[in-house]
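The values are calculated or read from the model by the stated rules, or taken from the named source; none is laboratory data. The structure presented is a predicted model; accordingly, all values stated were derived computationally and were not measured. Here the Cβ positions follow ideal geometry from the backbone for every residue, glycine too, while neighbour counts run over all protein chains shown. The area values use the complete protein model at the heavy-atom level, side chains included, leaving out ligands, DNA and RNA. Shrake-Rupley method; radii C 1.70, N 1.55, O 1.52, S 1.80 Å.
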Amino acid sequence: MCLVVVEKGFSCKGVQEQIEELSRESGKPADEFTVVLPLGYTEENYPFKSCKIQKVLTDLETLATNRGLTPTSMRPDDYAEFQMEDNGKHTSTKVNLVLLGMAGTGKSASGNTILKKNVFMSKPSSNPVTRECQVGETKINGIHFRVIDTPDIFDDELKSSDKEKHVKRCKELCESEACVYVLVMHVSRFTDGERDILTKLEKAFWNKVSEKTVILFTRGNDLKQTEVTFEDFLNSSIPSLKDIIEKCGNRCVVFENNSPDSDQVEKLVSSVMSVAENGK
Ligand SMILES: Nc1nc2c(ncn2[C@@H]2O[C@H](COP(=O)(O)OP(=O)(O)OP(=O)(O)O)[C@@H](O)[C@H]2O)c(=O)[nH]1
Ligand SMILES: [Mg+2]
């Protein structure tokens, strides 16, 4: 990353000259330099690449987290003063979404749908694909979401030390902000391993985790193809699935990750916010 930090009242010509000089000295092309704007400035039509400080911090945090580092020097509390909206007001709402579920249910694909970009690797595989917790960030309706993709922590073959490591990492990431758990399941396949998934989740995280859980069913097109409405699907589900749904306050959404539309994300956000704002 080549960043040029400028002060309030900077002149475009001066900054351009500085970039040219830095480019000559470092041998890096001038268009690789990004100017970090002072607080209160917005990215306009500057003759150089520019961004706000919070974007740099978020990118660095994501980079560090994805490499398994704890970005302690950039904890949200430390840079709260930088978390400003375009109008200069502080943005205080940050919500962590922890995507949990068995391997192959579509946690990573759903994370990408929420983030509107391919941040997490998602592919068909008979082996688990996601091996470490990963983070992506986005803003929806003015709310800052940190999306945490996880490996299948319910896998009986996973070493308990690995499972503990992943759960610990999720807890660290959720430390200082609201946290909502998104339990990802396949709409047309409820497996034996999922019958006691809520009990496992309670054991791993917190005994009242269901109060903060939203269920996300993937592969919505499977329902469309058989002309079954989501409501009918929920009403006709088997008792053990119904039980899980009820324990999670009937908070359920359906995603089709192969043809993502913003409506499904909006529904998830509204369900998430209904639990994010109260309690723990
Ligand atoms: N048709 C369809 N395929 C989906 C959907 N969601 C996920 N998939 C596919 O299901 C496969 C597994 O998805 P992943 O996102 O990798 O699943 P995961 O839960 O992250 O799996 P692990 O990382 O192994 O735990 C991929 O091939 C996805 O493209 C969906 O809504 N519709
Ligand atoms: Mg995955």
TODO: Tell me which residues, restricted to the stretch 94-119, are of a type outside the set (Gly, Ala, Ser), within 9 Å of ligand 2 (Cβ to nearest atom) and under 10 Å from the mean Cα position of the chain (by Cα).
DONE: 99
Task: Filtered residue count, the stretch 57-68, keeping only those that are of a type outside the set (Lys, Arg) and outside any helix (DSSP H, G or I) - done: 1
- [ ] Out of the residues in the stretch 121-140 that are part of a strand (DSSP E or B) and of a type in the set (D, E, K, R), state the one that is nearest to ligand 1 (Cβ to nearest atom).
- [x] 137
Task: Selection status of residue 242, surrounded by fewer than 17 Cβ atoms within 10 Å (Cβ to Cβ), within 21 Å of the chain's Cα centre (by Cα) and on the phi < 0 side of the Ramachandran plot - done: no
- [ ] Report, by residue number, each residue of the stretch 7-18 that is part of a loop (DSSP other than H, G, I, E, B) and open to solvent by less than 90 Å² (accessible area, probe 1.4 Å).
- [x] 9, 10, 11
TODO: Determine, yes or no, whether residue 194 is modelled with pLDDT of 95 or more and assigned by TED's automatic domain parsing to the domain that holds residue 173.
DONE: no
- [ ] Check 176, 210 and return the single one that is over 17 Å from residue 264 (Cα atoms), more than 14 Å from ligand 1 (Cβ to nearest atom) and in contact with a Pro (Cβ under 7 Å, 6 or more places away or on another chain).
- [x] 176
Task: Residue list for the stretch 196-238, filter: open to solvent by 70 Å² or more (accessible area, probe 1.4 Å) and either within 25 Å of residue 161 (Cβ to Cβ) or among the polar types (S, T, N, Q) (or both) - done: 199, 203, 207, 225, 226, 229, 235, 236
Task: Residues within the stretch 143-157 that are away from ligand 2 (no atom under 14 Å from the Cβ) and open to solvent by less than 50 Å² (accessible area, probe 1.4 Å), tallied - done: 4
Open item on the list: If I go through the stretch 245-257 residue by residue, how many of them are within 15 Å of ligand 1 (Cβ to nearest atom) and touching a residue at least 40 places away in the same chain (Cβ under 8 Å)?
Closed with: 3
Task: Tally, over the stretch 19-49, of residues that are in contact with a Leu (Cβ under 9 Å, 6 or more places away or on another chain), exposed (fewer than 14 other Cβ atoms within 10 Å of the Cβ) and closer than 10 Å to residue 2 by Cα - done: 1
Open item on the list: Given (1) among the polar types (S, T, N, Q); (2) in contact (Cβ under 8 Å) with a residue 12 or more places away in the chain; (3) not in a helix (DSSP H, G or I), identify the lone condition not met by residue 54.
Closed with: (3)
Open item on the list: Name the single residue that is nearest to residue 274 (Cα to Cα) among those in the stretch 169-206 being touching a residue at least 40 places away in the same chain (Cβ under 8 Å) and small (Gly, Ala, Ser).
Closed with: 178
- [ ] Please work out which one of (1) surrounded by 13 or more Cβ atoms within 10 Å (Cβ to Cβ); (2) within 16 Å of ligand 1 (Cβ to nearest atom); (3) modelled with pLDDT under 95; (4) over 30 Å from residue 172 (Cα atoms) is the condition residue 261 fails and give its number.
- [x] (1)
